[in-house]
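The values are calculated or read from the model by the stated rules, or taken from the named source; none is laboratory data. Given the structure is predicted, the values throughout are model-derived calculations rather than measurements. Glycine gets a Cβ as well: all are built from the backbone with ideal geometry, and neighbour counts include every protein chain shown.
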């Protein structure tokens, strides 16, 4: 029977097909790597130049634990906490670093394009962990202003993450970063919610009934603009990323949309706690010395 099959060419064809598939897979992997900062020397050089220019920080100034945020006040709070802070304002971002804390904080602006950009170029700093401290609007009726959300996933309804991964790939944080943040929250007596959030580029979604109905059908906890892009860009760029979101408004409820007045109240009552928890989490990761990523890909 084997001799008969050999004559028919089956045993000779299998190795050829296998080699062809291996070649195709190898070529695809090489093409994918060329798109990334860690797989393209020219892109890495540009990314270093961009990170230094945008933040005003030279590469050696960056600490291995990095906090990223949308708001300048968080940097002000960081600077008032650490007397050794090194603060710079680059062409696009603000940044501050403390050698005592082993932490750098960056204000990168608002929106998914900026989130994807900072998530990608931070790869050149080789951070041990990155933590996003952002604000979000509550969708679930049980949430209130001042609540914390530790997102386990983000729905990719923004426009930039499709440039990094196919649409069917979920946007997920690095589990061990979220684990450290969770421990800090518990140790400091703060409750939090875990679940999925919705990231969108649609700023005035509060006035679109169909959009709001879709949020409810998705069973998401909250909605915001940056997290999905951050999770996706950082995953592709091999940057360990986590997020701790603060509920700043409840747009699904009557009169719940954030205004100048309510925003001031949020910053006055909750943001100091938010940034302090973020700093504690990053310092904890620094002290533990534990590897965040345990696999190679």
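Structure data summary
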| read-out | value |
| --- | --- |
| Hits in segment 124-136 - residues which are within 18 Å of residue 225 (Cα to Cα) and out of contact with any helix residue (DSSP H, G or I) (no Cβ under 7 Å at 6 or more places or on another chain) | 135, 136 |
| Helices (runs of 4 or more DSSP H) fully within segment 1-107 counting 3 or more residues that are out of contact with any helix residue (DSSP H, G or I) (no Cβ under 9 Å at 6 or more places or on another chain) and at pLDDT 85 or above | 41-55, 72-81 |
| Scope segment 95-106; condition surrounded by fewer than 23 Cβ atoms within 10 Å (Cβ to Cβ) and touching a strand residue (DSSP E or B) at 6+ places or on another chain (Cβ under 6 Å); matching residues | 102 |
| Residue in segment 160-172 that is modelled with pLDDT of 95 or more, surrounded by fewer than 15 Cβ atoms within 10 Å (Cβ to Cβ), part of a strand (DSSP E or B) and touching a strand residue (DSSP E or B) at 6+ places or on another chain (Cβ under 7 Å) present | no |
| Any hit, segment 137-145, residues being closer than 22 Å to residue 236 by Cα and either touching a helix residue (DSSP H, G or I) at 6+ places or on another chain (Cβ under 9 Å) or outside any helix (DSSP H, G or I) (or both) | no |
| Residues of segment 189-211 classified as more than 13 Å from residue 157 (Cβ to Cβ), surrounded by 12 or more Cβ atoms within 10 Å (Cβ to Cβ) and more than 19 Å from the chain's Cα centre (by Cα), total | 2 |
